[in-house]
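Here the structure comes first, spelled out in structure tokens, and everything after it is commentary.
None of the figures in this text is laboratory data; all of them are computed from the coordinates on show. What you see is a predicted model, and the numbers here were worked out from it, not measured in a lab. Quick reminder, even Gly has a Cβ in these numbers, built from the backbone with ideal geometry, and neighbours come from all protein chains shown.
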Amino acid sequence: MMSRLSGLATDLRFGIGFYTRLPVGLPPIAGGALARALWTGPIVGALVGLLGALAYGSPLRSTCRPGQPPR
């Protein structure tokens, strides 16, 4: 069970490193490691979208409005 979780975590690290520019400390890419991690594409995309939505929405939730100086 533990080796399966570590394999999933490694695949996710490969996916994040391949689809983004985030430094996740990838080991050297062996033969099929990247091919095995391609399933992480939609998950990485959802995480990037979520982070973008949080960055866009956080000022909207605050008291700061466009064109208004911060208090």
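Across segment 20-26, rounded Karplus estimates of 3J(HN,Hα) from the backbone phi angles (6.51 cos²θ - 1.76 cosθ + 1.60, θ = phi - 60°) give 10, 9, 6, x, 10, x, 6 Hz, Gly and Pro being marked x.
For segment 2-61, the Cα gyration tensor yields ellipsoid semi-axes of 27, 11, 10 Å (square root of five times each eigenvalue, largest first, whole Å). Put a dot 7 Å past the Cα of Leu51, heading toward its Cβ, do the same for Ala33, and the two dots end up 2.0 nm apart.
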